[in-house]
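Comments concern the structure below.
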Amino acid sequence: MSLAEIFPETQVHEESEPELRARILELVGEHWRRFHQPKAFVPGHSRVPYAGRVYGKEEMQNLAGATLDFWLTSGPYALKFEETMKEFFGARRFLAVNSGSSANLTMVSTLCQEELVKRLPKTGPKRMIAGDEVITPAVTFPTTLNPILQNGLIPVFVDCELGTYNIDPHQIEAAIGPRTRAIFAPHTVGNPLDMEMLCDIAKRHDLWLLEDGCDALGATFDGQLCGTFGHMSSLSFYPAHHITMGEGGGVVVNDLTLMKTATSMRDWGRDCYCEPGMSDTCGKRFGWTLGDLPKGYDHKYTYSSIGYNLKVSDMQASVGLAQTHRIGDFVARRRANFAQFMTRLKVLEGDIILPVVHPKAEASPFGFPITVAEGVDRNALVRWLEDANIETRLVFGGNILRQPGYRNIPKRVHGELVNSDAIMNRSIFIGVYPGLTPDMIDYAADRVIAFFRGRG
Ligand SMILES: Cc1ncc(COP(=O)(O)O)c(C=O)c1O
């Protein structure tokens, strides 16, 4: 029933769709202005989070707009988001996926698909099969490691460096064996890996190079964006990360030969590459004869890889799209917060190991990592900071081989994982995310210093 039918006596102006939409979005903006502003910081009372969402009315308005569109699945917002991120990285393709974990799964699984073989050049890295090895650090996030195991590949664990918390690049070459096919490593806590060394090793040994860039959006090495060095790279858009869409992630595809298979892995494994809402992009939807299928079998239902459905919804993508405009500002604020901690905590050299960034790198810090000196009780520092309302995190899984779920995994371990154990026992990180203000950083730095000085 229209408003005019309900109120026949009253002259009612029935708003057009754009008018009604504009009014709703204005109200959403008003809601953001009144109810989503950060509260004033009260030292000791307010929480100093390690991470969090930072957003404006644009994110909420995009989300409301996507709701009104009611597209629901990956749609126009997802395409726009992918296009924006592809341009940001100057990549061949950017795939929006539903988490950083899914991005990692997409990348590793892509390299294991038989379908890939027909596209790969004669020289260079080969398709991976079960039993092949992937070099990866022992200090890692579980879902960087999991796709290696889930694809029947064997992880080769290499120790990490204290200070950078990254895989020790000097140990990688010696860890390569006859079945090693790939290196897969994260830019831990946003601190770039030594891409010069990694690219050189990968090239000389015909290895795939996968970057886990989930914590490192905007980081650079030698002036080049991290995520653009490897054959593929992953991103996470979980709220703790540099930009967010709630749950979400992305795959940066830098290698042309991987583009189709990676897309197929995300999209059920199908051979068809129609964008959402499209039906005959290849122009011969019923004209293919592939595999042992009958002639003309619908391309939409033809599967050339063993895939998943890892797509994002348009609601998620709408939030992500608004966040892309903030990347520059977010990275700058993370760097400023990191620099402020660095300046303040220099006095603790000897008590703690300060973060170390490669001279050619510029981090896009996810947090500020601290390793306490031997003999200092790391857990006491954690309690001290948490009691002061300063959130802390450990460096992900520590030495992941000590985790209950990973004790009996198939693996090869290169050398001793001494630093990985040290990181597990003595390291934490605290926040540098853009929601933190200079007075919050000062307060957190004061408390860290007080732990070592005031408290003795
Ligand atoms: C290095 C790294 N890789 C992968 C992930 C997984 O991302 P998501 O939580 O979006 O699945 C994370 C999450 O924090 C991470 O830090």
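Every read-out reported here was derived from the displayed coordinates using simple, explicitly stated rules and does not represent laboratory data. Fair warning: this is a prediction, and the values are worked out from it, not measured in the lab. We place every Cβ from the backbone using ideal geometry, glycine too, and count neighbours over all the protein chains shown.
Some values worked out for this structure:
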read-out	value
Taking segment 340-456 and dividing mean pair separation by its residue count, relative contact order in percent (alpha carbons under 8 Å, at least six apart)	38 percent
Loop-located GluC sites (Glu not before Pro) in segment 285-376 whose Cβ has at most 15 other Cβ within 10 Å (DSSP)	E374
Length-normalised contact order for the chain - Cα pairs under 8 Å, 6+ apart - percent	22 percent
Rounded, prolate or oblate (a/c below 1.5 giving rounded, otherwise prolate when a/b exceeds b/c) for segment 243-354 by Cα gyration tensor	prolate
Within-11-Å neighbourhood charge of H187 [Cβ basis; K, R +1; D, E -1]	-4
Backbone HN-Hα couplings from phi across segment 111-116 [Karplus 6.51/-1.76/1.60, Hz, Gly and Pro as x]	6, 9, 7, 4, 3, 5
Label-zone membership for segment 162-203, site I409, 7 angstrom Cα→C-beta point, backbone N under 14 Å	184-186
Extension gain, Q171 back to H45 (0.36 nm per residue minus Cα-Cα distance, nm)	40.8 nm
Dipole of the chain [Lys/Arg +1, Asp/Glu -1 at C-beta], most positive-end residue of V189, H241, A66	V189
Ascending count of other beta-carbon atoms within 10 Å, so fewest first, for Y406, Y301	Y301, Y406
Helix-only CD estimate at 222 nm, as mean residue ellipticity for the chain, using -39500 (n - 2.57) per DSSP H run (n ≥ 4)	-10500 deg cm²/dmol
Length gained when the stretch E196-Q150 is fully extended (0.36 nm per residue, less Cα-Cα span)	13.6 nm
Residue order, fewest to most surrounding Cβ atoms within 10 angstrom, among C112, C199	C199, C112
Of G291, P355, N419, farthest towards positive along the dipole that unit charges on Lys, Arg, Asp, Glu beta carbons give the chain	N419
Cβ-defined net charge surrounding P178, 11 Å radius [Lys, Arg +1; Asp, Glu -1]	0
The chain: antiparallel DSSP beta bridges as a percent of all, rounded to 5	55 percent
Cα→Cβ-extended label distance, 7 Å offset, between Y297 and D439, nm	6.7 nm
Ranked list, fewest to most other Cβ atoms within 10 Å of each Cβ, for I327, I6, I352	I6, I327, I352
The chain - charge dipole about Cα centre, Lys and Arg +1 at Cβ, Asp and Glu -1, debye rounded to 20	860 debye
Cα gyration tensor of the chain - equivalent ellipsoid semi-axes, whole Å, descending	39, 35, 16
Neighbour net charge for L436 - beta-carbon separation under 12 angstrom, K R +1, D E -1	0
Spacing of the two label points (7 Å from each Cα toward its C-beta) at H36 and T324, in nm	1.9 nm
Cα-centred dipole magnitude for segment 192-290, charges only on beta-carbon of K, R (+1) and D, E (-1), debye, nearest 20	500 debye
Karplus (6.51, -1.76, 1.60) ³J(HN,Hα), θ = phi - 60°, over segment 392-397, in Hz, Gly and Pro reported as x	10, 9, 8, 6, 6, x
Length gained when the stretch F70-V117 is fully extended (0.36 nm per residue, less Cα-Cα span)	13.0 nm
